[in-house]
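Below is one structure, written out as structure tokens, with a few remarks after it.
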């Protein structure tokens, strides 16, 4: 046999052996739809404090939720953590999540958890209008998001119609105010010829530089850019009073039904709802803590001041209807 | 005699035997016209090969089986409503028009690039041979981001042109951008198949044509090009199916296609059944495309090649440097633009956030899974290709079609199908590297089948007969006679699957061991949060690793 070939075969055999190895089975498996950059440090803290090992699969929220659904009654995950209430609501409706105990659920206001107790929010985010404070004072802004359909905003606005967070906002708008209201608002904004951006960050940067006067985004992009000194003159306007312009959504966590490590999984959920993790969300990712006793970052409003309790967040999952609407209006 | 033939044609030593072939479905032609209708292979039963091919086909059909199971949940009425809705038809038309435009462009670019790099006196031919294949290694979402940052409304070109008074570039988002990004990342499929076919083509017909007074242009048009048709069709098939299944480029460039709608159905509302119905429609369309390609192929006459020898180099004369310049422009657009974009991200981000150890670990994971996956795909392709080349018939035709099932579906659909079967049936394998290897087999089997089938078809069955008559059994014949002759095709198939697998995303995210990241998953994790600087290093490393098999093939064949 040619010596090269032997090396190749030996190498392949080695790779096969490596491929056959699987990890230890004592660790709690987490399917995380939030990236390692955002929640990795939190998981590390949990491992250090409790001595419980975590195996974490990072991916897209819908993919992770989909994996839990497809595994069905042969689950490999113990805990599911996703970006949107809509995704985790679907998994709960399929009966794949265990009911959490009241002691855990009661830490969070009813608006930010499942009515049947199968998932609970861990951190919140609000829609805002970010505006250039060098060109505009807060009093120049309309009191509700409807005011931006006024022709005086023509050519001055920015949005990201292809971005998931914008589409989630439109979905919520449709649920809260009805199809017709959502359609009228979108058509009114479109008539003002907003500039389209690919994502929230690029909108905040453009507003900060004064390329546009105002844009529709999630709140924390401004705070993250500001912490790096890149926000320029951009500021956030929160609408409150249940205006769809400041809709709140939460990322949610649930314990997978039939998972092998239920007790340790419960400790992880408890940790995520604990003061330390909630402070991490407030200070490091500039999200809104869902536990009322933990204060948001001083520049942020308390989540309870923005919420509309009658909107059930896990029902906000008709993305297809939103894409259809945006397509019909010629926005996508 | 058998031994001598195998040594001579064994690409490693034997001249034009293998070629930087990476030969996908390239079908060589005999310079000697076949006497009458094609000779049917000896009616030999091949129970082992047939069984193996059927098993492989069954595995390849798992995603379709999953889709049927899911689609049944919808019920026939609503499913038909969904399939026959105006929206479905409109999106299908959009997908098909994009696939047609991308495929046409890939052919227009890919054929000349293949012809020039396979055998001409173009300057820098070897370097161009490698560089023009490399765009395959650029993930389509990276290609799309590069197109946006370069040609977009606030991109590099716009900034350069602004001082010259150019206010606005043509609209990039939509059809134009998706077409550009996908054409630039898929034309090497055509280049590679054409290159492989040319390098195995017997030059005698061209020589005859010239001796009859045809100039080089007329010879190329009337003799060379018709012989290339099956190779072009094979490359076009891979391009068309890739475009139909692509999600990364069309979503970033905002062109609403059928695949994008399947993703929205899934990602927005986790509507597995609705997504399954739509995916089945896409599978049916893809099957039609596969059948169309098979028709083009079957009209071509295939005969066993004689011992190959080198073609005469295409003399370009005063066109040497202009054609080289044209190829450099193509390379710049398809490869240098994405690489330059990545380098810009890297320099803007600085060394902060660059986790070198983690990136190297991810690179070794990527190389491991892609190499083993490519090996599995080629091994699984062997019985399917052998059956198709040596025992054509109903079984061969359907096992070959089944092989394409996974390739034409969106990656997410295939990955979720394998989560379903993995968690239930292949329990010990699920969430190991082994599962990822199975996924790559299912996803990329057609690339292996195409390359092997055409190479096996080149080997005369009479060599098998000779071996058998000398007392060797079927296994020994395969090992001692067939495999050495087919090896160049197998190596090329390996390289192609490797290139495609290393940039694959959904399977890597869903099926590999938990907590086991690859270069592709690292690129995704960073870009999805807008940390482009952190995505640059793994993306560049991914392209660099992909270059290795190409350089190896170039050095091996091009002497």
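The values are calculated or read from the model by the stated rules, or taken from the named source; none is laboratory data. Not measured: the values here are computed from a predicted model. Glycine gets a Cβ as well: all are built from the backbone with ideal geometry, and neighbour counts include every protein chain shown.
Some notes on this structure:
- Some residue of the range B:243-261 being more than 9 Å from chain A (Cβ to nearest Cβ), within 21 Å of the chain's Cα centre (by Cα), over 24 Å from residue A:64 (Cα atoms) and surrounded by 24 or more Cβ atoms within 10 Å (Cβ to Cβ): yes
- Screening residue A:212 against (1) surrounded by fewer than 18 Cβ atoms within 10 Å (Cβ to Cβ); (2) outside any helix (DSSP H, G or I); (3) in contact (Cβ under 8 Å) with a residue 40 or more places away in the chain leaves a single unmet condition, (1).
- Counting only residues that are under 22 Å from residue A:35 (Cβ atoms) and in a loop (DSSP other than H, G, I, E, B), the range A:231-279 holds 3 of them.
- In the range B:121-145, the residues that are surrounded by 19 or more Cβ atoms within 10 Å (Cβ to Cβ) and out of contact with any helix residue (DSSP H, G or I) (no Cβ under 6 Å at 6 or more places or on another chain): B:139, B:145
- Residue count, the range B:525-535 (criterion: free of Cβ contacts under 8 Å to residues at least 60 places away in the same chain and either buried (at least 24 other Cβ atoms within 10 Å of the Cβ) or more than 9 Å from chain A (Cβ to nearest Cβ) (or both)): 1
- Residue selected from the range A:227-240 under the condition closer than 15 Å to residue A:287 by Cβ and in contact (Cβ under 8 Å) with a residue 60 or more places away in the chain, by the criterion surrounded by the most Cβ atoms within 10 Å (Cβ to Cβ): A:236
- Considering the conditions (1) surrounded by fewer than 19 Cβ atoms within 10 Å (Cβ to Cβ); (2) away from chain B (no Cβ under 14 Å); (3) more than 20 Å from the chain's Cα centre (by Cα), residue A:265 is excluded by exactly one of them, (1).
- Filtering A:232, A:242, A:274 for residues that are over 17 Å from the mean Cα position of the chain (by Cα) and at pLDDT below 85 leaves a single hit, A:242.
- The range A:152-168 - residue that is more than 13 Å from every other protein chain (Cβ to nearest Cβ) and part of a helix (DSSP H, G or I) and, of those, surrounded by the most Cβ atoms within 10 Å (Cβ to Cβ): A:153
- Selected residue [within 30 Å of residue A:157 (Cβ to Cβ) and crowded, with 24+ Cβ neighbours inside 10 Å] from A:89, A:124: A:124
- Applying the criterion of being in contact with a strand residue (DSSP E or B) (Cβ under 9 Å, 6 or more places away or on another chain) and assigned to a loop (DSSP other than H, G, I, E, B) to the residues of the range A:43-59, the residue that is farthest from the other protein chains (Cβ to nearest Cβ) is A:52.
- Any hit, the range B:510-519, residues being surrounded by fewer than 18 Cβ atoms within 10 Å (Cβ to Cβ), touching a strand residue (DSSP E or B) at 6+ places or on another chain (Cβ under 8 Å) and within 14 Å of chain A (Cβ to nearest Cβ): yes
- Single residue of B:538, B:506, B:549 found to be farther than 30 Å from residue B:227 by Cα, touching a residue at least 12 places away in the same chain (Cβ under 8 Å), within 14 Å of another protein chain (Cβ to nearest Cβ) and under 21 Å from the mean Cα position of the chain (by Cα): B:506
- When the range A:309-332 is limited to residues that are crowded, with 16+ Cβ neighbours inside 10 Å and under 18 Å from the mean Cα position of the chain (by Cα), the one that is farthest from the other protein chains (Cβ to nearest Cβ) turns out to be A:311.
- Considering B:501, B:451, B:475, B:493, the condition of being surrounded by 23 or more Cβ atoms within 10 Å (Cβ to Cβ) and either under 27 Å from residue B:145 (Cα atoms) or free of Cβ contacts under 8 Å to residues at least 60 places away in the same chain (or both) is satisfied by B:501 alone.
- Filter result for residue A:77 (at pLDDT 95 or above, buried (at least 24 other Cβ atoms within 10 Å of the Cβ) and either touching a helix residue (DSSP H, G or I) at 6+ places or on another chain (Cβ under 8 Å) or over 12 Å from residue A:268 (Cα atoms) (or both)): yes
- Within the range B:369-482, helices (runs of 4 or more DSSP H) holding 2 or more residues that are within 15 Å of residue B:64 (Cα to Cα) and more than 14 Å from chain A (Cβ to nearest Cβ): B:394-403, B:433-458
- Of the residues making up the range A:72-87, those that are at the interface with another protein chain (Cβ under 10 Å from one of its Cβ atoms) and touching a strand residue (DSSP E or B) at 6+ places or on another chain (Cβ under 7 Å) are A:75, A:76, A:77, A:84.
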